[in-house]
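Notes to accompany the following structure.
What follows is calculated from the coordinates using simple rules that are stated; it is not laboratory data. Keep in mind the model is a prediction, meaning the values are calculated, not measured. Here Cβ is always computed from backbone atoms with ideal geometry, including for glycine, and neighbour counts include all displayed protein chains.
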Amino acid sequence: MEWLTDYKIPVGKTAKAVFDWMNDNLGGVFDAISTGLEAMINGILWLLQTPHPFVIIALFVALTWFLQKNWKVCLGVVIGFLFILNQGYWEETTESLTLILSACVVCMGLGVPVGIAAAHRPKLYRVMVPILDLMQTLPTFVYLIPAIVFFGLGMVPGLIATVIFVLPAPIRLTHLGVSSTPQALLEAATAFGATPKQRLWKVEMPYAFPQIMAGLNQTIMLSLSMVVIAALVGANGLGVPVVRALNSVNTALGFESGFIIVVVAILLDRMLRVSR
């Protein structure tokens with residue numbers, strides 16, 4: 001087998017050469033991206049940490065009532081946030097929510113338009129499928145390496161790694177929702193004189209709305225699963241105590257912070273669940 005390994009395909013060397021070239025020639029672009037993302041992160045963090053925790057809880061309850069119209073879900077949200085306050089993890093929770101909300105803004109802002117374009121152009125989607133598969137199956141730790149190289153340590157590289165891992169979900173689900181619009185509805189809209197833009201906004205988007213909301217839900221859940229990994233590159237949040245517990249073999253701290261992550265995941269899932 002030596003004859004086969006002697007002519008190794010230079011996958012790693014090629015990737016390193018590409019990243020080195022990007023780092024040398026696109027430094028200004030990465031600095032601008034980092035500045036913009038950092039400003040967004042700081043803004044969201046300020047909105048979550050400046051008011052009293054009870055004010056933020058009240059806003060989340062109001063949002064839950066607006067979305068669900070169910071007092072039991074609202075009560076569950078109140079109990080969940082009070083439990084977080086009781087355990088002393090409010091600051092870490094707001095930091096993780098900042099990462100999650102930032103990832104939602106970027107992923108939905110990119111994923112929905114790309115998913116719509118892919119639904120209208122089947123050839124484009126066929127080209128995108130292997131790229132989306134690669135983004136979801138490549139170990140997430142691999143994303144941290146170029147993120148550190150291009151953006152240093154902190155919340156921004158954690159957000160970049162999260163976006164790369166999460167972005168395929170809203171693209172796929174938006175594509176699924178738009179492409180599954182019944183042909184009869186589209187033909188009826190066309191018969192009544194609807195333009196392509198009107199068909200998109202008045203027929204395809206309303207029909208695909210449950211799938212788009214499912215994409216938002218998946219974006220939030222997958223982003224939450226990245227908080228621990230993001231902590232490895234200096235991102236603040238609930239991942240920090242988990243990593244600290246792992247390094248010190250602290251069972252109590254590990255289960256305590258891990259359970260808080262579970263509570264946050266349940267709260268966000270119940271808030272954004274779309275009834276069919």
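Remarks
- Remark: relative contact order (the chain) = 24 percent; criterion is Cα-Cα distance under 8 angstrom and separation of 6 or more residues.
- Residue (of H52, W65, N42) at the positive-pole extreme of the range 1-80, dipole from beta-carbon charges: W65
- Estimated translational D of the chain in µm²/s (Stokes, Kirkwood radius over Cα pairs; 20 °C; 1.002 mPa s): 103 µm²/s
- Here the peptides 129-139, 165-175, 151-161 are ranked by packing, the mean other Cβ count within 10 Å, and the order with the highest first is 165-175, 151-161, 129-139.
- Candidate membrane-span-like segments in the chain, meaning DSSP H helices with Cα atoms spread over at least 30 Å of their own axis and a Kyte-Doolittle mean of 1.6 or above, are 251-272, with no membrane implied.
- Once both labels are positioned 7 Å from their Cα atoms along Cα-to-Cβ, the gap between M221 and N25 label points is 4.1 nm.
- Relative packing of 39-47, 265-273, which averages over residues the other C-beta atoms within 10 Å, highest first: 265-273, 39-47
- Distance between the range 229-271 and the range 31-78 - C-alpha centres, whole angstrom: 19 Å
- By the Cα gyration tensor, the range 133-257 has an equivalent ellipsoid whose semi-axes, rounded to whole angstrom, run 41, 15, 11 from largest to smallest.
- Peptide ranges 107-116, 221-230 listed from the most packed, as the mean C-beta count within 10 angstrom indicates: 221-230, 107-116
- The mean sequence distance of close C-alpha pairs (under 8 Å, at least 6 residues apart), as a share of the length of the range 118-276, puts its relative contact order at 24 percent.
- Net charge contributed by nearby residues that have their C-beta within less than 14 Å of S179 (K/R +1, D/E -1): +4
- At q = 0.17, 0.23, 0.25 Å⁻¹, base-10 log of I(q)/I(0) for the range 108-201 (Debye sum, equal scatterers on each alpha carbon): -0.79, -1.12, -1.21
- Positive minus negative residues near K72 (Lys, Arg vs Asp, Glu; Cβ under 13 Å): +3
- Put a plus charge on the Cβ of each Lys and Arg, a minus charge on the Cβ of each Asp and Glu, and nothing anywhere else: the dipole of the range 87-189 about its Cα centre is then about 500 debye.
- The magnitude of the dipole of the chain, with charges of +1 and -1 set on the Cβ of Lys/Arg and Asp/Glu and taken from the Cα centre, is near 1020 debye.
- Evaluated at q = 0.17, 0.18 Å⁻¹, the base-10 log of the normalised Debye intensity for the range 1-120, with identical point scatterers placed on the Cα atoms, takes the values -1.01, -1.07.
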